[in-house]
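Visitor: Okay, here's the structure, questions in a sec.
The values are calculated or read from the model by the stated rules, or taken from the named source; none is laboratory data. As the structure is a computational prediction, the values presented were derived from the model and not from experiment. Positions of Cβ are backbone-derived with ideal geometry, glycine not excepted, and every protein chain shown enters the neighbour counts. Areas reflect the complete protein model, heavy atoms only, side chains present, ligands, DNA and RNA absent. Shrake-Rupley method; radii C 1.70, N 1.55, O 1.52, S 1.80 Å.
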Amino acid sequence: MYGEKELVEKKIRIEGVDAVSLLGLNDANLQIIENRFDASIFVRGETITIRGQQQEVESIEKVFKELIYILTKNGNLTTNDVNTVIDLVSADGDPALPKSATSTFSREDLDAVVLYTKNQIIKAKTPGQREYLQAMKKNDIVFAVGPAGTGKTYLAVALAVASLKNNEITKIVLTRPAVEAGESLGFLPGDLKEKIDPYLRPLYDALDDMIPGEKLRGYLEKRVIEIAPLAYMRGRTLNNAFVILDEAQNASAMQMKMFLTRLGPNSRAIVTGDVTQIDLPNRSLSGLVQIQEVLKGVEGIAFVYFDRNDVVRHRLVKDIIDAYDKYKNGDSKTEGI
C-alpha cells in the first residue's frame, strides 16, 4: 500500500476524443492499462483521473497522451497499440525511442516493435527488417533470405514468442537441419541429443534473450516450445503453431517439401537461410534455392531478401560480407564460401 504522502493525482481532459474508442469496448483498453500499473484510474465524463506514485502517474499520463495521438491520427486503436505504447513508455535507456515529454510515437515506431522483454525492446531496425516484420504479420509462410547478422532468425523467434504471449498460437516449433559444416557428427562426444544440441544452440540463445530462464525451462519441459532437428519433423501435423526453419539453405528439396507440408490449421511458418552458406555436398540440391522458383507468386507466401545494409551485428560484419563478395567475384575457387 502507498503511504498517503506518496500519492499524487493527475487529471487528463479527453474533450473531443471518442471515449469508447480510447478506452475500448467495455473498457478493454482501460483494463489493459490498469493491469500493467498499480496506480488507480478513474473516468468521469471527459476527465481521466490518475492517482498513485508520481513515476507511475507520469507514465500513465504519457500512455494516454500517446493513445489519443494515435487515435486522432489513425481513427482507431487496437489492443496491440495499447500494449506496445505501454511497453515503449515503460522502456528506459533506448536511444532509438522518443524520449522527450513532447514527443509522440509514430505508427512506424509501433509497427516496428516485435516483443518487449524485461531487459529490452526487440524491434525492426532497418528497412529490410521492417519489410520482413510486415511480411510475417500478413502471410502464413515467409521466406527470409540473406547474409548472417541481418536478424532473420532472431526477429522470427521474437514474433513467435509474442504470438505465444498473446495467445494467438499454443506452440512454438524451432528446427534446423543437422548438416555438418566441416566436422562430423560421428566424432562428436556424447549421445544423439548431445551431438545434435550444438546445431540447435543459436535457437536456444535467442530464446534465452526473450524468456526468463525458469519460464523457458517450463515451456521446454511441457513442449510448448520445441527445438528439434529437421529430420524429427517427418510425419507430424503442427496445429496452432508458429514454426521456424532456420539455416534452410542446408535443407534438401525433399526436406523443404516435407517441412512445409507439416502445417496444420492456424499455423504459420518462417523459413530463414543464407544461400551463400550452403554446406550440402551438392549446392544445387538446396531446398531453399529451389523453393524460390517453385512457390514464386503463390498467394499467402512472401519472400524477403536482406543485404549488407540490414546487418545489425558488429560493424565489421558488413565489411566482412563485402570482402567475401569481392573475393568470390574475383576468384571462382571461393564458390563454397
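Visitor: Can you say whether ILE278 is buried (at least 20 other Cβ atoms within 10 Å of the Cβ) and part of a loop (DSSP other than H, G, I, E, B), as far as the supplied structure shows?
Guide: Working: buried (at least 20 other Cβ atoms within 10 Å of the Cβ): yes; part of a loop (DSSP other than H, G, I, E, B): yes.
Here the answer is yes, as ILE278 does meet what is asked.
Per-residue answers, yes or no, for (1) among the acidic types (Asp, Glu); (2) in contact (Cβ under 8 Å) with a residue 60 or more places away in the chain; (3) in a strand (DSSP E or B):
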residue	(1), (2), (3)
LEU115	no, yes, yes
ARG130	no, no, no
GLN134	no, no, no
LYS137	no, no, no
PRO147	no, yes, no
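Visitor: List the pairs whose first member sits in segment 278-291 and is closer than 13 Å to GLN255 by Cα, whose second member is open to solvent by 70 Å² or more (accessible area, probe 1.4 Å), and whose Cβ atoms are under 8 Å apart, counting only residues at least 6 apart or on separate chains?
Guide: GLY287/MET254; GLY287/LYS257
Visitor: Suppose we keep only residues that are open to solvent by 80 Å² or more (accessible area, probe 1.4 Å) and assigned to a loop (DSSP other than H, G, I, E, B) within segment 298-320. Which one would you say is modelled with the highest pLDDT?
Guide: GLU299
Visitor: Okay, moving on. Which condition number in (1) modelled with pLDDT of 95 or more; (2) touching an Asp or Glu at 6+ places or on another chain (Cβ under 7 Å) is the one that GLN249 fails?
Guide: Failing condition for GLN249: (1).
Visitor: Residue check, VAL89 against (1) loosely packed, with under 12 Cβ neighbours inside 10 Å; (2) at pLDDT 75 or above, all met but one. Which one?
Guide: Of (1) loosely packed, with under 12 Cβ neighbours inside 10 Å; (2) at pLDDT 75 or above, only one is false for VAL89: (1).
Visitor: Return the total of residues in segment 233-275 being in a loop (DSSP other than H, G, I, E, B) and of a type in the set (Lys, Arg). So that I can check it myself, show each step before the final result.
Guide: Start the filter on segment 233-275 by keeping residues that are in a loop (DSSP other than H, G, I, E, B), which leaves 234-237, 239-240, 246-247, 251, 261-262, 264-267, 274-275.
When the remaining residues are screened for being of a type in the set (Lys, Arg), the result is 234, 236, 262.
The qualifying residues number 3.
Visitor: A further question on this structure: When you scan segment 204-211, do you find a residue that is among the β-branched types (Val, Ile, Thr) and open to solvent by less than 50 Å² (accessible area, probe 1.4 Å), even just one?
Guide: Taking every residue of segment 204-211 in turn, at least one turns out to be among the β-branched types (Val, Ile, Thr) and open to solvent by less than 50 Å² (accessible area, probe 1.4 Å).
Visitor: Also, I was wondering about something else. Across segment 201-223, what is the number of residues that are of a type in the set (D, E, K, R) and touching a residue at least 60 places away in the same chain (Cβ under 8 Å)? First the steps, then the outcome.
Guide: Within segment 201-223, the subset of a type in the set (D, E, K, R) is 201, 205, 208-209, 214-215, 217, 221-223.
In the following step, the residues that additionally are touching a residue at least 60 places away in the same chain (Cβ under 8 Å) were identified as 209.
So the answer is 1.
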